[in-house]
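**Student:** Below you will find the structure I want to go over with you.
The values are calculated or read from the model by the stated rules, or taken from the named source; none is laboratory data. Keep in mind it's a predicted model, so treat the numbers as computed, not measured. Glycine gets a Cβ as well: all are built from the backbone with ideal geometry, and neighbour counts include every protein chain shown. Heads up: the accessible areas ignore ligands, DNA and RNA and are worked out on the full protein's heavy atoms, side chains in. Shrake-Rupley method; radii C 1.70, N 1.55, O 1.52, S 1.80 Å.
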Amino acid sequence: MHDLVSSNSIYLAYVDEYLRELGEDSEFVFKAAGVNNIQQLRQVPRVPTEVMAKVYERVYRNPRLGGFFIKLGERIPLTAHGNLGVAFLVSQNIRTILQMLQRYTAIAIPWVNIQLDESPHQATINIQISAGSADFKAALVESIVIHIAHHLCNLLPSGHLPCALEFQHSQPEYVEDFYHHVAGEVRFNAARNCVVYPMAVLSVPVKTADRLNQGVLEQQCAEELRLLQKQTSQAQLVRGLIVQNLSASPTIQWVARQMSTSERSLRRRLQEEGESFRNLLAQVRHEEACRHLRETDWRIERIAKQLGYSETASFSLAFREVAGVSPRQWREQSS
């Protein structure tokens, strides 16, 4: 795992609560993740990524707990996200909620990126996770997808289910559990993790809308995000933006704009931390290349495109310079 950025500890409190309801030994699970006192965990606002990942991985790999993260996504209330969750409740419509989710997700989980893509007929909520193992990402994305589908349905006057759910991981045994939250297809081994709605849903008013409170809460979310970014190193912030937009081959100019700074200032701050944009981009590309080679059966051409390379030959050359072998040879040796 490439960073120790923290997340809201409240999510682990809900994991603990649900494990206990199911009669599982929650203390054993948390101790294996390095948490010796669960009650103490509830008293701190944030926990390191690696702690959350170890808990999620252990639960996800337990054959008795199939579908656990689907139920977790239903159970976690919007208010668990603090000001951000309350802002969702008072938003004018679904488009406003999704725009805030896109802008302020980092307050809750800094290494999750959510993007809203609008086409003439469909609205697609894309979810990308830039930290952790394949099992951790699968567990987390299941809970996030179901959390979005479940709560958006509850916020709408007539209730609207997504027309499709897509997951990058393989189909689990509990696949039928997903169909309670979708009006159409559920696809696995997909190119992306996403929730898809008819375009018209974005304009549907929210039952609990409150325009005055929405503005106040948005300001509080912006301040929370500013403080969180201040506590995070420039290299970590840059890495996160690179991972989340890797297929678009992000430039330092683009990253600087996202961070509301100049290219010159960003270069200087990275240099002060002993880093450079070029090195961070190369590191992320190599890490993601190894993950795709190890965890998927994608063709080398598809991986190169996913990493933002315009030509497969450029990817193969860059990979060989670091690993000493070609991507294909590395995959064979790792299998």
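**Student:** When ranked by the protection proxy of mean other Cβ atoms within 10 Å per residue, highest first, what sequence do the peptides 113-120, 237-244, 192-199 form? List each step's numbers first, then the result.
**Tutor:** Values: 113-120: 14.0, 237-244: 22.5, 192-199: 19.6.
Per-residue mean Cβ counts within 10 Å order the peptides as 237-244, 192-199, 113-120.
**Student:** Give me the count of lysine pairs in the chain whose alpha carbons sit under 29 angstrom apart, restricted to pairs 8 or more positions apart or on different chains.
**Tutor:** So the count works out to 10.
**Student:** Find the accessible area per residue for region 167-234; the probe is 1.4 Å, ligands and nucleic acids are left out, and the unit is Å².
**Tutor:** Result: 59 Å² of accessible area for each residue.
**Student:** What is the set of long-range amide H partners of Arg46 at a cut-off below 5 Å, with H atoms built 1.01 Å from backbone N?
**Tutor:** Ser9
**Student:** Under the rule of at least 5 residues apart or a separate chain, name every residue whose amide H is placed under 5 Å from the amide H of Asn93.
**Tutor:** Under 5 Å from the amide H of Asn93: Val206.
**Student:** Tell me what the chain gives for mean residue ellipticity at 222 nm when only DSSP H runs of n ≥ 4 count, each as -39,500 (n - 2.57), the sum divided by the residue total, rounded to 500 deg cm²/dmol.
**Tutor:** Details: 16 runs with 181 residues, N = 335.
Counting only the DSSP helices, I get -16500 deg cm²/dmol.
**Student:** Quick check on packing: order 313-321, 13-21 by the mean number of other C-beta atoms within 10 Å, highest mean leading.
**Tutor:** Packing proxy ranking, top to bottom: 13-21, 313-321.
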